[in-house]
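Asks: Before I ask anything, here is the structure I am working with.
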Amino acid sequence: MRKTVVFLMAASLALGAAADEPAAAQWADSLVEYQEQIVKDGDTVVLIGDSITEQGFCNKWGYYHLLTNALPSVRFVPLGYGGFQVKSWSDMERDSLSNTNRWTWYRNPGWNLKEVFDGHIDVIVIFLGMNDILQPSVSNDAASFGKWLFDYATFVKNLKERCHPRAIVLATITPLTADTTSPKNRVRHQLNNRIRMLVEASDALDTCVMTMADTGFGVADGVEETRSANSGYRLVPDFVHPDALGHKILARELLAAFGCEEETEKLLCEVDDDLAEKAHCGKAGVSVRLDLVRTWRPGDDEFLYLLNYRVNRPVGLAMSEVRVVLPDGWTADERAMVSDEGAFFVRGRPKSLVTPIRIDAGAAGVAVLNIPAPWKVCDESGEWKVYTATQDYTGGLAPGSVDPYQLYFGARENTLRCFRRVKSEKARDVKAVFSHQTFSATLDLTLTLNGKEVFSDSLNRVGKNRSEKVVRLEEGWNDVEVKCVHHDWQRQFSFDFEPVGGDDLSGLEYDIR
């Protein structure tokens, strides 16, 4: 593992130029370079953020408590508001100039914003941007990124002029889903580039030091390290909020940005130990991951999948051959490797709801991955795309799951259509089930079966996560289309057929042609 801190200083804070300039350059991952310590004994450090900062205070394992324990002589003030974006925080800070009733949502103890911002502050940490992408308040284009940077820079400027801090630390945005190439994570990368641009544009002669904590890369690095070895463990359980280990990584990155070398080293060792434990879970075995971002469809009868595997070999057991065991009709570029880490390219058409693929490492263990049947999905652009559920998203590998943000950046309110064909050897009644596995969703769902609308209902985050109705499948092929009208920022949902009266649905065949 590596740790990150950047101290970047440039000639001037050119807000206009930075706001309009697209981030064509790609910044390399930074190295640890401890500069002058910017957080000192007796300082007051204000943490400005969203629900991650709120949870960092409200959970005893959160990064606020880790920082407080690491630097007991420093006073930390955690201002976390769930759902808040850069512009909403900026507006609230302006409102607190005169409004004495602006408090943190948590009131035990809670902080009055006017008192905080008008009081003595030495260092400000800004950890925002997640909700701008989730909800979203940005579009996937350079002009929108520039406007976001302008709002961010204005917020920083207002805080500098009002609070007169000695230093401001800008934290990069942590991952959204474990799929680093998803449309939302690509936008996250663009916004993080803008944060770096703002730090680069800071004035080297300014009395307020501007620096960066690469919390985004730290968490992304931890996600990749653990999921490559243990695909069942999620460092970010809901793909938005890091767990206790994730908060250790956040605290480590912030301590590094503060220039607190001894404290960072101590937490770095703890993180490395925890990562090793989570990755291996103390057990031998095989971990396999279906990398669907790199899956495509070469022809009507064949899909190509990339299966990444890793073998956690028991002590004393020699390396042996690792084989992929495929169903009839499936092929692989290689059937065996002598390596504890690798990837198999496999080809085939998943006709069943799930198609089992085995990775056999002999005495080290066997892993079985069930490849879900695909969907065809289309948003308001009119472009149909092939979709397969993946463990990198909220619904996991559940074969009925659809998380459109695997394919589309999306808007706060739009419509998605999902299509697949289902073949039944006889006419039968089945239970049609709508469900979702998000913590914030408002979804209007409609099922059309063989061209006729047969079921519709709404799901939301107030406890209604499932709805069902008995419908009839005809003998032969049935056209199944699910329409999802989405009114909030999360949109994962599932549609499944379940048996009625002891029926066995294992013989159903699936296709998207």
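Asks: How big is the charge dipole of region 285-372 about its Cα centre, in debye rounded to the nearest 20, if each Lys and Arg gets +1 on its Cβ and each Asp and Glu gets -1 on its Cβ? Don't jump to the answer; show the numbers that get you there.
Replies: Numbers: 11 positive and 11 negative charges, 40 e Å.
In total the dipole reaches around 200 debye.
Asks: Just subtract the alpha-carbon distance of LYS351 and GLN37 from 0.36 nm times their residue separation and send over the number in nm, one decimal. Show your work: numbers first, answer last.
Replies: Values: separation 314, 0.36 × 314 = 113.04 nm, distance 6.00 nm.
Here the segment from LYS351 to GLN37 would lengthen by 107.0 nm.
Asks: Ok, one more. For each of ARG472, ARG289, count neighbouring Cβ atoms within 10 Å of the residue's Cβ, then give the residues from fewest to most.
Replies: On the way: ARG472 15, ARG289 22.
By the 10 Å Cβ count, ascending: ARG472, ARG289.
Asks: Sticking with this one: What aspartates and glutamates could a cross-link reach from LYS160, if we take a straight Cα to Cα line under 17 Å and drop same-chain neighbours fewer than 8 places away?
Replies: Correct list for LYS160: ASP43, ASP91, GLU93, ASP95, GLU115, ASP118, ASP122, ASP151, GLU200, ASP203, ASP206.
Asks: Hey, if you put +1 on the Cβ of every Lys and Arg and -1 on every Asp and Glu Cβ in the chain, which of GLY342, ALA244, TRP489 ends up farthest toward the positive end of that dipole?
Replies: Projecting each Cα onto the dipole axis, the largest value belongs to TRP489.
Asks: Between the alpha-carbon centers of region 139-217 and region 415-430, tell me the distance in whole angstrom.
Replies: Value for the Cα centre distance between the two parts: 46 Å.
Asks: Residue farthest toward the positive end of the dipole of region 375-511, with Cβ of Lys/Arg at +1 and Asp/Glu at -1: which of ALA432, SER458, LEU508?
Replies: Farthest towards the positive pole: SER458.
Asks: Which value, in debye to the nearest 20, describes the size of the charge dipole of the chain about its Cα centre when Lys and Arg Cβ atoms bear +1, Asp and Glu Cβ atoms bear -1, and nothing else is charged?
Replies: That gives a dipole near 880 debye.
Asks: Hey, which lysines would be in cross-link range of LYS60, C-alpha to C-alpha under 27 Å, not counting anything within fewer than 8 residues on its own chain?
Replies: Straight-line reach from LYS60, under 27 Å: LYS3, LYS40, LYS114, LYS248, LYS266, LYS278.
Asks: What percent does the relative contact order of the chain come to when contacts are Cα pairs within less than 8 Å and at least six residues apart?
Replies: Details: 1153 pairs, mean separation 63.7, N = 513.
Relative contact order comes out at 12 percent.
Asks: With θ set to phi - 60° and the Karplus curve 6.51 cos²θ - 1.76 cosθ + 1.60, what are the ³J(HN,Hα) couplings of region 373-378 in order, to the nearest whole Hz, using x for Gly and Pro?
Replies: Result, rounded to whole Hz: 5, x, 10, 9, 10, 8.
Asks: Right, here's the next one. I need the calculated FRET efficiency for the pair ARG513 and ARG94, taking r as the beta carbon distance and R₀ as 51 Å, to the nearest 0.05.
Replies: Working: r = 56 Å, r/R0 = 1.10.
In this case the efficiency is close to 0.35.
Asks: Hey, of [x] -0.33, -0.72; [y] -0.27, -0.63; [z] -0.40, -0.76, which did the structure itself give for log10 I(q)/I(0) by the Debye sum over Cα atoms at q = 0.06, 0.09 Å⁻¹ when calculated?
Replies: So the structure-derived entry is [x].
Asks: Add +1 for every Lys or Arg and -1 for every Asp or Glu among the other residues with Cβ under 15 Å from the Cβ of GLU413, and state the total.
Replies: Working: positive: ARG412, LYS483, ARG491; negative: ASP379, GLU380, ASP444, ASP488.
It works out to a net charge of -1.
Asks: Just to be sure I understand the model, the point goes 7 Å from the Cα along the line to the Cβ. What's the resulting SER73 to ASP272 distance in nm?
Replies: 2.7
Asks: Still on this model: What FRET efficiency would be calculated for the residue pair LYS469, LYS385, taking the C-beta separation as r and a Förster radius of 22 Å, to the nearest 0.05?
Replies: Working: r = 28 Å, r/R0 = 1.27.
For R0 = 22 Å, the calculated efficiency reads 0.20.
Asks: Another question, if that's okay. Assuming 0.36 nm per residue, please report the length gained on full extension of the stretch VAL368 to ASN450 beyond their Cα-Cα distance. Intermediate results must be reported in sequence, preceding the final value.
Replies: On the way: separation 82, 0.36 × 82 = 29.52 nm, distance 3.42 nm.
Full-extension gain reported as 26.1 nm.
Asks: Taking every pair of alpha-carbon atoms in region 375-511, give the share separated by more than 21 Å as a whole percent. Let's see the in-between values first.
Replies: Details: 3578 of 9316 pairs.
When all Cα pairs of region 375-511 are counted, 38 percent exceed 21 Å.
Asks: Then there is this: Taking neighbour counts of Cβ atoms within 10 Å as a proxy for exposure, in what order, fewest first, do MET337, MET212 appear? Walk me through the numbers before you get to the answer.
Replies: Working: MET337 16, MET212 26.
Going from sparsest to densest Cβ surroundings: MET337, MET212.
Asks: Which of the peptides 68-75, 107-114 is most tightly packed, and how do the rest follow, judged by the mean count of other Cβ atoms within 10 Å per residue?
Replies: 68-75, 107-114
Asks: Setting aside same-chain residues fewer than 8 positions from LYS469, which lysines have a Cα under 19 Å from its Cα?
Replies: LYS431, LYS452, LYS483
Asks: Using alpha carbon coordinates only, what is the Rg to Rh ratio of region 285-372, with Rh defined as the Kirkwood radius?
Replies: On the way: Rg = 13.1 Å, Rh = 13.3 Å.
Rg/Rh: 0.99.
Asks: For the chain, what is the mean residue ellipticity at 222 nm derived from helices alone (per DSSP H run of n ≥ 4: -39500 (n - 2.57); sum divided by total residues; nearest 500 deg cm²/dmol)?
Replies: -8000 deg cm²/dmol, from helical runs alone.
Any read-out appearing in this document is the output of simple, stated calculations on the displayed coordinates, not a laboratory observation. For clarity, every value in this text was computed on a predicted model and none was experimentally measured. Cβ atoms come from the backbone with ideal geometry, glycine included; neighbour counts cover every protein chain shown.
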